[in-house]
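As structure tokens, the structure follows; a few thoughts come after it.
The values are calculated or read from the model by the stated rules, or taken from the named source; none is laboratory data. In this text, all values refer to a predicted model and were calculated from it rather than measured experimentally. With ideal geometry, Cβ positions are generated from the backbone for all residues, glycine too; neighbour counts draw on all protein chains shown. These area figures cover heavy atoms from the full protein model, side chains too; ligands, DNA and RNA do not enter into them. Shrake-Rupley method; radii C 1.70, N 1.55, O 1.52, S 1.80 Å.
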Amino acid sequence: RAQSVTPRRTEPYGSSGIAMGFNASLAFGAYLVFAAVFLFVIMFGESEMFQGTIVERIHYWTTEGWCVALGWGLRKTLGKEKGERVFGVINHWVCERANPFMQLVYLSLVIGGYYVFVAYGFDLVGLYVHPAHTFVLPTVMILSLMQWLRVCWSDPGVINASNLEAHYRAHPFDGVLYRPKECPTLGITVPARSKFCNTTKRRVAKFDHYCGWFNNVIGENNLRHFIVFLAVHVALCAYVAYLSTAVVYGEMARRGLLAAEFNTRRGPRRLTEDWLLLSKFLVYHYSPLVMLIIFLVVLVIALGSFLVYHLHLINKGMTTNETFKWKYVRKYMQKQAEEAAAEAASQNTAGKIQAQRNEGLDVLDEADVGCVGPTGGEAAVVVKTVKTHRSFWDRLTGRRKPKARAEEIKNIYNKGFRKNLWEVFHPPSQAVAQEMQEMGSMTSANAGGSKRKKQKDR
């Protein structure tokens, strides 16, 4: 049962204009909590740490499972044949094609949060922080939306006939994740690090991921805009949370509430002495801004973690798409290492081990998993039987201790953090294309000069 709190002060706390009805506060708080959980699940639901957990299942049902459930329901209610036809139309236009749903969710969250602050705290900004913030906040808000639009409308690095050669030169095949093969859709030799996006029906250079928040692919040409977007929005959320906190704290200090005593069942209590009492008071009397602060703090943590994760990928010279490929390759090579160690222990020939490895690679190719085992050269893997340390996390989760471990495979695309970051903001394929264009211009000029010289000699 909720604890009754009776303030000794008689001044109406809602008169400041930053309070709303209790039912409206609960509805608004539920909306923000749902939005924060939804964002967390969408961003981190596929992470390895959540595999086999309810977070992964919620992510599945939020992104793919609802389409599967819809198809099952339509077949059960309309019959198999008619249900398949109806589901085929819905699946084509909603599930398999790019649509603006997530963009509308983004706009509702950003504009809704900005409206809450303007309605309940903007007029009080000048009282508790510098008045310049009343101009800075709208400016930062507009810049954030402009950066979002920039990512939405940017070219991710679509590969076509005019830039195909530049991508071949910019991204060599490593023989591990990428080998020369033909794209069944476009009928061209696939450039390394590229991927055909089934949602947008385009092959994108240095494919990172498709992002519904922008209804666009993140690739070589717009990864820099995406990184800037994350940094700007982390700063925006932290900035608005600071302003909201300053307004709430300023209002409470101006009214003397920080030193006020309240009659509770445990006797007179000050807000600063009882965190539970303070929490109830804030949620009841300053609910819009308090809920907004909690929501923004969650966003700062989520978006900040996402930004750090992408900076970590840049440091490793990988894309989001390649992390899944490397994970599969390492698991595959770990299995091969253990099998090779077992074969060596039973004194089988190296030829038999290699034959088993090649057979495994053939299976991977048939399965079209997007990556294969090493094919030799720099990517060759040396198998060693080693004693491996079992970490605390492995003991906690019950993971078995591997019997053998493969040498780390060299990632030829990792050139160090500074070089990797430079390539994010200066895509190498664009530099190669510019060099090719300049060489073509020089060749044309030289050919024209030689032609004029021959005509003059005649």
| message | Go through (1) surrounded by fewer than 16 Cβ atoms within 10 Å (Cβ to Cβ); (2) in contact with a strand residue (DSSP E or B) (Cβ under 6 Å, 6 or more places away or on another chain) for Ser162 and report which single condition fails. | response | (2)
| query | Among the listed residues Leu109, Leu104, Leu127, which satisfies the condition of being over 20 Å from Asn222 (Cβ atoms) and open to solvent by less than 40 Å² (accessible area, probe 1.4 Å)? | reply | Leu109
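Which one of these is within 30 Å of Leu311 (Cβ to Cβ) and at pLDDT 65 or above: Glu438, Glu423, Glu407?
Glu423
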| note | Residue count, region 45-101, condition among the β-branched types (Val, Ile, Thr), under 26 Å from Tyr328 (Cα atoms), open to solvent by 50 Å² or more (accessible area, probe 1.4 Å) and free of Cβ contacts under 8 Å to residues at least 12 places away in the same chain, comes to 2
| query | Taking region 316-337 only, how many residues are farther than 16 Å from Ile409 by Cα and surrounded by fewer than 19 Cβ atoms within 10 Å (Cβ to Cβ)? | reply | 1
| field | Residue ID - least open to solvent (accessible area, probe 1.4 Å), chosen from residues in region 258-279 that are touching a helix residue (DSSP H, G or I) at 6+ places or on another chain (Cβ under 8 Å) and of a type in the set (S, T, N, Q) | value | Thr264
| Options Ala166, Ala205: the member that is small (Gly, Ala, Ser) and over 30 Å from Tyr332 (Cβ atoms) | Ala166
| task | Looking for whichever is basic (Lys, Arg) and under 24 Å from Thr134 (Cα atoms) here; the options are Arg255, Arg270, Arg266. Which one fits? | result | Arg255
| query | Quick check, is Ser287 buried (at least 18 other Cβ atoms within 10 Å of the Cβ) and among the small types (Gly, Ala, Ser)? | reply | yes
| request: Would you mention how many residues in region 205-224 are open to solvent by less than 20 Å² (accessible area, probe 1.4 Å) and in contact with a Lys or Arg (Cβ under 6 Å, 6 or more places away or on another chain)? | output: 3
| request: Give the residue, chosen from Val232, Val217, that is closer than 23 Å to Met102 by Cα, in a helix (DSSP H, G or I), β-branched (Val, Ile, Thr) and within 25 Å of the chain's Cα centre (by Cα). | output: Val232
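Determine, yes or no, whether Ala253 is more than 41 Å from the chain's Cα centre (by Cα), of a type in the set (A, V, I, L, M) and more than 20 Å from Val37 (Cβ to Cβ).
For Ala253, the condition - more than 41 Å from the chain's Cα centre (by Cα), of a type in the set (A, V, I, L, M) and more than 20 Å from Val37 (Cβ to Cβ) - is not met.
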| Do any helices (runs of 4 or more DSSP H) lying entirely in region 260-347 carry at least 3 residues that are touching a residue at least 40 places away in the same chain (Cβ under 8 Å) and closer than 30 Å to Cys211 by Cβ, and which ones are they? | 287-316, 320-345
| query | In region 63-82, which residues are touching a helix residue (DSSP H, G or I) at 6+ places or on another chain (Cβ under 6 Å) and modelled with pLDDT under 85? | reply | Cys67
| query | Hey, does region 14-32 have a residue that's at pLDDT 70 or above and in a loop (DSSP other than H, G, I, E, B)? | reply | no
